[in-house]
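Here is the structure we will look at, set down as structure tokens.
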Amino acid sequence: MERHHKAAVTIAACTALALTGCGAGDQRPSDLEDCEFEPATCNSGERADGGEITWALDGSWTGWNPTMASDNNAYLSSALTGMWPATGQFDPEGEYVLNEGLFASEPRLTSESPMTVEYTLKDGANWGDGHEVGVDDFIYHWYSISADDDRCAGCTPASADRGSAVESITGSGRTVTVTYDDTYSSAEWQYAEVLSFPAHIAEDQGFDWKNDPRDMADSQTWFSENAPIGWSAGPYTVTDAEAGQYVVYEPNPDWAGETEVTLDKLIFQVMEGLDAIVTEMRQGTIDGASPVSVDVDTITRLEDTDDVDYRVAAGPSWEHIDLNTRGDLLSDPVLRSAVLIAIDVEDIISRTASLVQFDAERRLNHLFRNDSPNFTDHLSATGQGSGDIELAAGILEDAGYTWDDGGRLLTPDGEEVALDYRYTESKSIRKTTAQLAQANLTDLGIDVTLDPIADADLGSVLFGGEFDIVNFGWSTDPTFVDGASQYWDSESSSNFGGLDDPELDAVLDELGDTLDRARAAELANQAVEMAVDDAYVLPIVDSPVAIMVSDRLVNVRDNWASQQRAMYNVAEWGVSES
Amino acid sequence: MVVFIIRRVLVMIPVLIGATILSFLLVDLTNDPVQQQVFEIQQSTGEPVPQSTVDALEANLYYDRSIPERYWLWLTGIGDTNGDIGLLQGKWGPSIEGSATDIGQEITDRFAVTLRLVLFATIASIGLAILTGVISAVKQYSKLDYTLTFIGFLALAMPIFWLASLLKEAAVQTNDALGTNLFKTYGSGTTGFKGNGWELFVDALPYLIVPTIALMLGGYAAMSRYQRASMLEVMNSDYVRLARAKGVRNRTVMRRHALRTALIPVATFAPLGLATAMGGAIVTESIFGWRGLGAYSLKAIQDGDSFAVMAYLLISGVVVLTGILVSDLLYGVLDPRIRYE
């Protein structure tokens, strides 16, 4: 942590020197320390021709088809990043960058009703096996995520919001047009994933996917069971792979992108556990990793490791405390509000995230990070998360709550306020958060019972509403339209605490209908404000994550905005020329 | 003896069935993997999982059936509509990890990995236990005896995860000091290495050393105490004293008369020790990143992958019961006073 304070001072000093025209010849090479100010260009440098990188993934995957529910996870997405036909990626500044190997230009909205989007494929965009990417590949992907037995019988897509709303896909030359039905619209239409697997490979394997929905489903299973060797739509092509263990990449000579790949070989190797990753970094058996968690011990060990650069920053998931609005006691918005006010978020952060990230700051908006251009602080003014016991007690008193001689809070009906607090026991940040929140609420006279959850039970606890208070994390990226509905829509399966606010639902409906992204951001902030008024979810902090890289690597940096994290720009990765 | 073996095997069957029923109930009642999976997918995609997918996941994993129905299907496969379940038909059931994961294949592959570790560790721990036990007994109450006893108790007292972590760190420090990668500390072989049997063995050797030592030290300590006590008992027996009185050389007395008899307890303990070491391998595999049976079971338990957990528990049960049977049989083979009827 000290190191980053020093880095900030160094950068400030260098900037001052540069402005005064002094020390121009003393410029040090860019490294991870620069990411605080130049998130999308830090650690850049000239690449040597050739070289090999072994990158550790801190989790595994089981099958190769990310569109299928059983295979879908972030690690598979990372493992396939060198060859996957993604539409584009958000860079570390939150800017969307189109896949340069597939598309000639940005997608174009040609009609608002029905929503129609036109994609122009790049000349030469291909699957690395002599076949061009074409309209059939778009249709194949649509069928796979349609959740429609007439197109894919028995398929189990991980999500189908968009796929089930596609009305037709047509092609003409290098232009593909996707038309949606009247029920569907999204202000984030330009980020939609439109490709996954090559249709011709399915045909080569004997699947009549276009005409037989059973064959379509079988082809999906085939892609799940077989590593994607022999074809690629990305800068690299897979030469060897074992599900859940490793992927070996070599450059794809047929890639249509402009960025030149310099590495001879890129290996993604599964290595579970922070301790193992740091140990292997020390030994030089791996060149880098961007694990999903970080602890003090890891940082101490990294500090002592030569030739390794690292950085801790806010990651892609955010911690929050949710209240169950269906609970006997917490159905009262006054009590909910008092509970959220009594919890001291700054204190929680200082004893959790700040231990590993010196600049960790409280998250003040459910949908937009504090550095987002759309960010508005809707929380501070309400007192939620302030730990102000007097304010919380005042609100309760006004509503008729009382305290007995032992200082225990009683409802207006004389019932003692006792709540259970659930958290996943394997995450130390959540355990500490729970203990601190318990202490805060005890000061208010609320008896809180801590009840840890096994990791594998979190889903059933949430879906079953088996909590009064629960602390868990949501993944995030610069998109926000789907997130808002998912968190708060009264019909959403992810609205675990059962918030039912018709006015908020109306705003969410409007948010879902608009195609104007600026208007959508306005509506999203309006929704956040209403959710805050409902005293439902208290954001804590963006969970810190670490990236660690051998200092011989260039153009490798973390990216909170992409599910692939540091792997978002593998085409640019290289070994330093110097 | 054949009748004895058949009788014992027949007794094993109800024991195993009882164990599987208990395990199945515990696994099924303590988790709901489908809901967890749905939650994780929603976390990953940021979108709701289609209801048709949720229904299909439940049907594929037979979570649309009652617990007794699921157990019956798991055991017999009778009434199965997907063609992937029924232990008695050689089908282990579907994994929550999807159709790309065949539990039977996983168990087979990973059993081979674990067996490699456990076999080497058990052989080494038996060898070391016999050596130190005999030396301690022959040099009873000497400085050497006290030293070996101290080391034995130290190894016995140290939890395996601690011992393994210390050894791992020592290996890293040694590599640092020597400027080599002599000891590999993660995985059981080079990523993507292909070769014939001998080449695979040579490749695996640097990965095998440290975990084997960790597992070996965990197992040897108790056995060395058995060996010492057994050796002392035999050395003080009448027939050994008679051999000495007849003027037989001390070395010959030890080797031919004392050691052979004193090995019986350790030899009979060995098969059970092998089974016990498989339990210890769960921790060792986790620390050294081996993709063995232990690591598989741990992940299956964490994920609530019930049929995978059942497969592991069944294999473990069979190994333990077989270990006990072989131990009992070895008593009869090694000790002529014991006869099976």
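The values are calculated or read from the model by the stated rules, or taken from the named source; none is laboratory data. On a predicted model such as this, the values are computed, not experimentally measured, just so you know. Here the Cβ is made from the backbone with ideal geometry for all residues, glycine too, and neighbour counts use every protein chain on show.
Taking the residues in segment B:132-148 that are among the small types (G, A, S) and part of a helix (DSSP H, G or I) as candidates, determine which candidate is nearest to B:V253 (Cα to Cα).
If we filter segment B:132-148 for residues that are among the small types (G, A, S), which is where we start, we get B:133, B:136-137, B:142.
Of the ones still in play, those that are also part of a helix (DSSP H, G or I) are B:133, B:136-137.
On the way: B:G133: 17, B:S136: 17, B:A137: 14 Å.
In this case the residue turns out to be B:A137.
Farther than 28 Å from A:D182 by Cα, in contact with an Asp or Glu (Cβ under 8 Å, 6 or more places away or on another chain) and either aliphatic (A, V, I, L, M) or modelled with pLDDT of 95 or more (or both): which single residue out of A:E36, A:E52, A:E46 fits that description? Even if it seems obvious, please write down each step before you answer.
Details: A:E36 fails: either aliphatic (A, V, I, L, M) or modelled with pLDDT of 95 or more (or both); A:E46 fails: either aliphatic (A, V, I, L, M) or modelled with pLDDT of 95 or more (or both).
That would be A:E52, the only listed residue that is farther than 28 Å from A:D182 by Cα, in contact with an Asp or Glu (Cβ under 8 Å, 6 or more places away or on another chain) and either aliphatic (A, V, I, L, M) or modelled with pLDDT of 95 or more (or both).
Quick check, is B:P50 surrounded by 19 or more Cβ atoms within 10 Å (Cβ to Cβ), in contact (Cβ under 8 Å) with a residue 24 or more places away in the chain and in contact with a helix residue (DSSP H, G or I) (Cβ under 9 Å, 6 or more places away or on another chain)? Spell out the reasoning first.
Working: surrounded by 19 or more Cβ atoms within 10 Å (Cβ to Cβ): yes; in contact (Cβ under 8 Å) with a residue 24 or more places away in the chain: no; in contact with a helix residue (DSSP H, G or I) (Cβ under 9 Å, 6 or more places away or on another chain): yes.
No, not satisfied.
Please state which of the following conditions B:Q227 fails to meet, knowing it meets all the rest: (1) surrounded by fewer than 20 Cβ atoms within 10 Å (Cβ to Cβ); (2) under 25 Å from B:A129 (Cα atoms); (3) more than 14 Å from the chain's Cα centre (by Cα).
(1)
Among the residues that make up segment A:559-577, is at least one of them among the β-branched types (V, I, T) and surrounded by fewer than 23 Cβ atoms within 10 Å (Cβ to Cβ)?
Filtering segment A:559-577 down to residues among the β-branched types (V, I, T) leaves A:570, A:575.
Imposing the further condition that a residue be surrounded by fewer than 23 Cβ atoms within 10 Å (Cβ to Cβ) reduces the set to A:575.
Yes.
Being modelled with pLDDT under 90, on the phi > 0 side of the Ramachandran plot and surrounded by fewer than 17 Cβ atoms within 10 Å (Cβ to Cβ) is the filter here, so list the residues in segment B:55-105 that pass it.
Listed by number, the residues that qualify are B:G79, B:G83.
Filtering segment A:442-469 down to residues that are hydroxyl-bearing (S, T, Y) and without any contact (Cβ under 8 Å) to a residue 12 or more places away in the chain, which residue is nearest to the other protein chains (Cβ to nearest Cβ)?
Of the residues in segment A:442-469, the ones hydroxyl-bearing (S, T, Y) are A:442, A:449, A:460.
From what's left, without any contact (Cβ under 8 Å) to a residue 12 or more places away in the chain: A:442, A:460.
Values: A:T442: 30, A:S460: 4 Å.
Filtering first and then ranking leaves A:S460.
Going through segment A:208-227 one residue at a time, which ones are assigned to a loop (DSSP other than H, G, I, E, B) and either among the small types (G, A, S) or touching a Pro at 6+ places or on another chain (Cβ under 9 Å) (or both)?
If we filter segment A:208-227 for residues that are assigned to a loop (DSSP other than H, G, I, E, B), which is where we start, we get A:208-212, A:226-227.
Selection gives A:A227 alone.
Restrict the check to segment B:107-128 and report whether at least one residue is touching a strand residue (DSSP E or B) at 6+ places or on another chain (Cβ under 8 Å) and either surrounded by fewer than 23 Cβ atoms within 10 Å (Cβ to Cβ) or of a type in the set (D, E, K, R) (or both). Walk me through how you get there before you give the answer.
Looking only at segment B:107-128, we keep the residues that are touching a strand residue (DSSP E or B) at 6+ places or on another chain (Cβ under 8 Å), and these are B:107.
Checking which are either surrounded by fewer than 23 Cβ atoms within 10 Å (Cβ to Cβ) or of a type in the set (D, E, K, R) (or both) leaves us with B:107.
Checked against the condition, which is being touching a strand residue (DSSP E or B) at 6+ places or on another chain (Cβ under 8 Å) and either surrounded by fewer than 23 Cβ atoms within 10 Å (Cβ to Cβ) or of a type in the set (D, E, K, R) (or both), segment B:107-128 yields at least one hit.
Out of segment A:167-188, which residues are more than 14 Å from chain B (Cβ to nearest Cβ) and closer than 27 Å to A:A561 by Cβ?
Here is the first cut: in segment A:167-188, the residues more than 14 Å from chain B (Cβ to nearest Cβ) are A:167-183, A:185, A:187.
Correct list: A:V176, A:V178, A:Y180, A:S185, A:A187.
Out of segment B:308-329, which residues are touching a strand residue (DSSP E or B) at 6+ places or on another chain (Cβ under 9 Å) and within 14 Å of another protein chain (Cβ to nearest Cβ)?
B:A308
Can you spot a residue in segment A:250-261 that is closer than 23 Å to B:D176 by Cα and surrounded by fewer than 18 Cβ atoms within 10 Å (Cβ to Cβ)?
First, pick out the residues of segment A:250-261 that are closer than 23 Å to B:D176 by Cα: none.
The answer is no, given that none of the residues of segment A:250-261 is closer than 23 Å to B:D176 by Cα and surrounded by fewer than 18 Cβ atoms within 10 Å (Cβ to Cβ).
Taking B:Y312, is it modelled with pLDDT under 85 and assigned to a helix (DSSP H, G or I)? Walk me through how you get there before you give the answer.
Values: modelled with pLDDT under 85: no; assigned to a helix (DSSP H, G or I): yes.
Judged against the criteria, B:Y312 is not a match.
So, A:S475, is that one under 28 Å from A:F90 (Cα atoms), free of Cβ contacts under 8 Å to residues at least 24 places away in the same chain and among the hydroxyl-bearing types (S, T, Y) or not?
So A:S475 fails the test.
Can you give me the number of residues within segment A:477-488 that are more than 8 Å from every other protein chain (Cβ to nearest Cβ) and either part of a loop (DSSP other than H, G, I, E, B) or among the aromatic types (F, W, Y) (or both)?
Taking segment A:477-488 and keeping what is more than 8 Å from every other protein chain (Cβ to nearest Cβ), we get A:478, A:480-481, A:484-485, A:487-488.
Those still in the list that are either part of a loop (DSSP other than H, G, I, E, B) or among the aromatic types (F, W, Y) (or both) too: A:478, A:480, A:487-488.
Number of matching residues: 4.
So in segment B:59-81, with the set limited to residues that are of a type outside the set (A, V, I, L, M, F, W, C) and part of a helix (DSSP H, G or I), which one is farthest from the other protein chains (Cβ to nearest Cβ)? Full working, then the answer.
The first filter runs over segment B:59-81 and keeps only residues of a type outside the set (A, V, I, L, M, F, W, C), leaving B:60, B:62-66, B:68-71, B:76-77, B:79-81.
Checking which are part of a helix (DSSP H, G or I) leaves us with B:60, B:68-71, B:76.
Working: B:N60: 8, B:P68: 21, B:E69: 20, B:R70: 17, B:Y71: 20, B:T76: 25 Å.
Checking each candidate, the answer is B:T76.
When you go through B:A121, B:A56 one by one, which is the residue that is within 11 Å of chain A (Cβ to nearest Cβ) and among the hydrophobic types (A, V, I, L, M, F, W, C)? I'd like the intermediate steps shown before the answer.
Working: B:A121 fails: within 11 Å of chain A (Cβ to nearest Cβ).
None of the other options fit; the residue is B:A56.
Identify the residue in segment A:500-542 that is touching a helix residue (DSSP H, G or I) at 6+ places or on another chain (Cβ under 7 Å) and in a strand (DSSP E or B) and, among all such residues, is nearest to A:G315 (Cα to Cα).
A:V541
State all residues of segment B:149-168 that are more than 16 Å from B:S286 (Cβ to Cβ) and part of a helix (DSSP H, G or I); if no residue qualifies, say none. Before the answer, list the steps.
First pass over segment B:149-168, keeping only residues more than 16 Å from B:S286 (Cβ to Cβ): B:149-158.
Across segment B:149-168, the qualifying residues are B:T149, B:F150, B:I151, B:G152, B:F153, B:L154, B:A155, B:L156, B:A157.
Is it the case that segment A:284-292 has a residue that's within 13 Å of chain B (Cβ to nearest Cβ), farther than 22 Å from B:G289 by Cβ, in contact (Cβ under 8 Å) with a residue 12 or more places away in the chain and not in a helix (DSSP H, G or I)?
No, every residue in segment A:284-292 fails to be within 13 Å of chain B (Cβ to nearest Cβ), farther than 22 Å from B:G289 by Cβ, in contact (Cβ under 8 Å) with a residue 12 or more places away in the chain and not in a helix (DSSP H, G or I).
Tell me which residues, restricted to segment A:138-180, are modelled with pLDDT of 95 or more, charged (D, E, K, R) and touching a strand residue (DSSP E or B) at 6+ places or on another chain (Cβ under 9 Å).
Of everything in segment A:138-180, just one residue is modelled with pLDDT of 95 or more, charged (D, E, K, R) and touching a strand residue (DSSP E or B) at 6+ places or on another chain (Cβ under 9 Å), namely A:E167.
Give just the number: which of (1) within 9 Å of chain B (Cβ to nearest Cβ); (2) within 16 Å of B:V49 (Cβ to Cβ) does A:S144 not satisfy?
Here A:S144 meets the rest and fails (1).
Confirm whether B:L263 is surrounded by 21 or more Cβ atoms within 10 Å (Cβ to Cβ) and in contact (Cβ under 8 Å) with a residue 40 or more places away in the chain.
Values: surrounded by 21 or more Cβ atoms within 10 Å (Cβ to Cβ): no; in contact (Cβ under 8 Å) with a residue 40 or more places away in the chain: yes.
When the stated conditions are applied, B:L263 does not pass them.
Where residues in segment A:52-73 are surrounded by fewer than 23 Cβ atoms within 10 Å (Cβ to Cβ) and either in contact with a Cys (Cβ under 9 Å, 6 or more places away or on another chain) or outside any loop (DSSP other than H, G, I, E, B) (or both), which of them is nearest to the other protein chains (Cβ to nearest Cβ)?
A:T54
Filter segment A:240-275 down to residues that are more than 9 Å from every other protein chain (Cβ to nearest Cβ) and outside any loop (DSSP other than H, G, I, E, B) and give me whichever is farthest from A:E572 (Cα to Cα). Show your work before the answer.
Kept after step one, since they are more than 9 Å from every other protein chain (Cβ to nearest Cβ), are these residues of segment A:240-275: A:247, A:249-266, A:268, A:274.
Imposing the further condition that a residue be outside any loop (DSSP other than H, G, I, E, B) reduces the set to A:247, A:249-251, A:265-266, A:268, A:274.
Numbers: A:V247: 18, A:Y249: 14, A:E250: 14, A:P251: 12, A:K265: 13, A:L266: 12, A:F268: 16, A:L274: 26 Å.
Residue satisfying both the conditions and the ranking: A:L274.
Yes/no matrix, rows are residues, columns are (1) hydrophobic (A, V, I, L, M, F, W, C); (2) crowded, with 22+ Cβ neighbours inside 10 Å:
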position	(1), (2)
A:D295	no, no
A:T300	no, no
A:D306	no, no
A:H320	no, no
A:N324	no, yes
A:V334	yes, no
A:A342	yes, yes
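How many residues are under 9 Å from A:T179 (Cα atoms) and among the hydroxyl-bearing types (S, T, Y) when one looks only at segment A:113-129? Let's see the steps before the verdict.
Taking segment A:113-129 and keeping what is under 9 Å from A:T179 (Cα atoms), we get A:114-118.
Those left that are additionally among the hydroxyl-bearing types (S, T, Y): A:116.
Matching residues across segment A:113-129 total 1.
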